[in-house]
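The values are calculated or read from the model by the stated rules, or taken from the named source; none is laboratory data. Quick caveat: nothing in here was measured; it's all calculated off a predicted structure. Counting neighbours? That spans all protein chains shown, and the Cβs are built from the backbone with ideal geometry, glycine included.
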Amino acid sequence: MHQRNRTSLLTGMALLATVSLVLTRFLSFYVPFLGVQSMRVGFGEVPVILAGLLMGGPAGGLTGLAADLVGATLFPAGPYFPGFTLSAFLTGFLPVILMKRMSKKEQSPGKAMLFLSILLTQLVTSALLNTLWIVLLYMAPFSPDKYWALFVVRAPFAVIMTLVYTVVVYPLYSRLAKEGY
């Protein structure tokens, strides 16, 4: 990653946050489970992950945060809950941090490393945290039985989405990184 001026960085973050917002709010759908819209299928995480990979973890995190806050304000899909905003931040922040921890040198990440970092991020954000947020928000009062019943369904879904995200992110990242974005 090369140095970017502040204007270029903010413009890139805003553009990717907007793409994430459109993909999440207009081009995704929910799959219900246990009477709750528990799984969103879409590509809204892809621009957030790309922002982190191309501009650094904090920029990726802020991109996810901005996309979630604007989306929740302008196009609410339910009551606002800050836990989902935390998950959106971590979606852009964690893959970069994990890849830095796993890599030995300053080299472009391979597909396997990218897959592993997205997998760990999805397990933390989608499977663990978002499941907790859904149970707290829609299935009150909280009980471990409700949490684990929903987790068992969401965890395999997170793995499947990891495969999809890796297939989409890797070529985009490779191309954009080569061109100096």
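The set of residues in region 109-119 that are surrounded by fewer than 18 Cβ atoms within 10 Å (Cβ to Cβ) and either in contact with a Ser or Thr (Cβ under 8 Å, 6 or more places away or on another chain) or modelled with pLDDT of 95 or more (or both) comprises Lys111, Met113. Picking from residues in region 57-73 that are within 18 Å of Gly83 (Cβ to Cβ) and among the hydrophobic types (A, V, I, L, M, F, W, C), the one that is surrounded by the most Cβ atoms within 10 Å (Cβ to Cβ) is Ala67. Residue by residue through region 152-170, note down the ones that are over 19 Å from Gly52 (Cα atoms) and touching a residue at least 60 places away in the same chain (Cβ under 8 Å). Listed by number, the residues that qualify are Val153, Arg154, Phe157. Please find, within region 153-165, the residue that is modelled with the highest pLDDT out of those that are more than 16 Å from Phe43 (Cβ to Cβ) and not hydrophobic (A, V, I, L, M, F, W, C). Here the answer is Pro156. Which of the following residues is under 17 Å from Met161 (Cβ atoms) and at pLDDT 95 or above: Gly42, Gly83, Gly61, Gly52? Going through Gly42, Gly83, Gly61, Gly52 in turn, the sole match is Gly52.
In region 140-181, the residue that is nearest to Met99 (Cα to Cα) out of those that are part of a loop (DSSP other than H, G, I, E, B) and of a type in the set (Ser, Thr, Tyr) is Tyr181. When you scan region 88-101, do you find a residue that is farther than 15 Å from Leu119 by Cα and not in a helix (DSSP H, G or I), even just one? No, every residue in region 88-101 fails to be farther than 15 Å from Leu119 by Cα and not in a helix (DSSP H, G or I). Exactly one residue out of Leu54, Leu69 is within 26 Å of Leu150 (Cα to Cα) and more than 13 Å from the chain's Cα centre (by Cα), and it is Leu69.
Only one of the numbered conditions (1) modelled with pLDDT of 95 or more; (2) surrounded by 14 or more Cβ atoms within 10 Å (Cβ to Cβ) is violated by Tyr138, and that is (1). Within the option set Leu150, Leu129, being surrounded by fewer than 19 Cβ atoms within 10 Å (Cβ to Cβ) and either modelled with pLDDT of 90 or more or touching a strand residue (DSSP E or B) at 6+ places or on another chain (Cβ under 8 Å) (or both) holds for one residue only, Leu129.
The residue that is nearest to Pro171 (Cα to Cα), counting only those in region 114-139 that are in contact with a Lys or Arg (Cβ under 6 Å, 6 or more places away or on another chain) and assigned to a helix (DSSP H, G or I), is Ala127.
Looking only at residues in region 1-38 that are within 21 Å of Leu137 (Cβ to Cβ) and β-branched (Val, Ile, Thr), the one that is modelled with the lowest pLDDT is Val36.
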